[in-house]
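*Asks:* Handing you this structure, nothing more for now.
The values are calculated or read from the model by the stated rules, or taken from the named source; none is laboratory data. Everything quoted here is computed from the prediction, not taken from an experiment. When we count neighbours, we look across all protein chains shown, and the Cβ atoms used for this are built from the backbone with ideal geometry, even at glycine.
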Amino acid sequence: MPIKLPTTWITHQARSEMGWRLIRWTLALLIAAHGWARLLAGAVAPFGEFLETLGFPMGRAIASAITFVEIVGSVALLLGLWVPTVCILHVLIYAAGIVLVHAQSGWFVVGLGRNGAEYSVLLIVCLVCVGWQRLDR
């Protein structure tokens with residue numbers, strides 16, 4: 001027996017929109033988890049101190065800004081607001097994370113490695129695609 005889809009899902013465009021929306025919402029929730037976990041665990045200040053040990057001036061301010069972007073930006077992504085801009089900001093954050101932390105640990109996050117770059121690369125590629133898809137809106 002064939003699966004009967006709602007009529008609003010039948011067209012290619014409707015399925016495409018739903019697929020992009022699902023990816024955008026998933027990104028928003030994954031990114032929100034980063035910011036909220038850091039905030040609720042009281043880890044913003046230690047993150048800032050870590051940035052200062054790497055030579056960044058005002059590490060705590062940078063850590064606060066990153067946390068703010070992750071929390072507020074994830075809400076904007078979820079709602080479909082300022083998508084290209086929010087995606088660019090997150091790409092910059094996660095690319096910096098690769099350069100500063102993850103690249104030295106290799107590629108794999110788990111399994112053959114620990115804390116590698118693969119998850120951040122996946123987030124970046126998804127963010128680029130979602131931002132690019134929403135350039136005209």
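*Asks:* Test each condition in (1) over 24 Å from residue 119 (Cβ atoms); (2) part of a helix (DSSP H, G or I) for residue 87 and report the one that comes out false.
*Replies:* (1)
*Asks:* Quick check: is even one residue across the stretch 41-54 among the aromatic types (Phe, Trp, Tyr) and crowded, with 16+ Cβ neighbours inside 10 Å? Working first, answer last.
*Replies:* So the first thing to find is which residues in the stretch 41-54 are among the aromatic types (Phe, Trp, Tyr), and the list is 47, 50.
Pick out the ones that are also crowded, with 16+ Cβ neighbours inside 10 Å and you get 47.
Among the residues of the stretch 41-54, at least one is among the aromatic types (Phe, Trp, Tyr) and crowded, with 16+ Cβ neighbours inside 10 Å, which makes the answer yes.
*Asks:* Moving on. Is at least one residue of the stretch 13-36 in a helix (DSSP H, G or I), among the hydroxyl-bearing types (Ser, Thr, Tyr), at pLDDT 95 or above and over 20 Å from the mean Cα position of the chain (by Cα)?
*Replies:* Of the residues in the stretch 13-36, the ones in a helix (DSSP H, G or I) are 13-36.
This time we only want the ones that are among the hydroxyl-bearing types (Ser, Thr, Tyr), so: 16, 26.
Applying the additional criterion that residues be at pLDDT 95 or above yields 26.
Adding the requirement that they be over 20 Å from the mean Cα position of the chain (by Cα) leaves none.
There is no residue in the stretch 13-36 that is in a helix (DSSP H, G or I), among the hydroxyl-bearing types (Ser, Thr, Tyr), at pLDDT 95 or above and over 20 Å from the mean Cα position of the chain (by Cα).
*Asks:* I've got another one for you. Looking at the stretch 108-137 only, could you name the residues that are free of Cβ contacts under 8 Å to residues at least 40 places away in the same chain and either polar (S, T, N, Q) or not in a loop (DSSP other than H, G, I, E, B) (or both)?
*Replies:* Once the filter is applied, which keeps residues that are free of Cβ contacts under 8 Å to residues at least 40 places away in the same chain and either polar (S, T, N, Q) or not in a loop (DSSP other than H, G, I, E, B) (or both), the stretch 108-137 yields 115, 118, 119, 120, 121, 122, 124, 125.
*Asks:* Then there's this: Could you grab me the full set of residues in the stretch 54-84 that are touching a helix residue (DSSP H, G or I) at 6+ places or on another chain (Cβ under 8 Å), among the aliphatic types (A, V, I, L, M) and assigned to a helix (DSSP H, G or I)?
*Replies:* Across the stretch 54-84, the qualifying residues are 61, 62, 63, 66, 69, 71, 75, 76, 77, 78, 83.
*Asks:* I've got another one for you. From 66, 88, 71, grab the single residue that is without any contact (Cβ under 8 Å) to a residue 60 or more places away in the chain and crowded, with 19+ Cβ neighbours inside 10 Å. Quick ask: steps written out before the conclusion?
*Replies:* Values: 88 fails: crowded, with 19+ Cβ neighbours inside 10 Å; 71 fails: crowded, with 19+ Cβ neighbours inside 10 Å.
Within the list 66, 88, 71, the selection yields 66.
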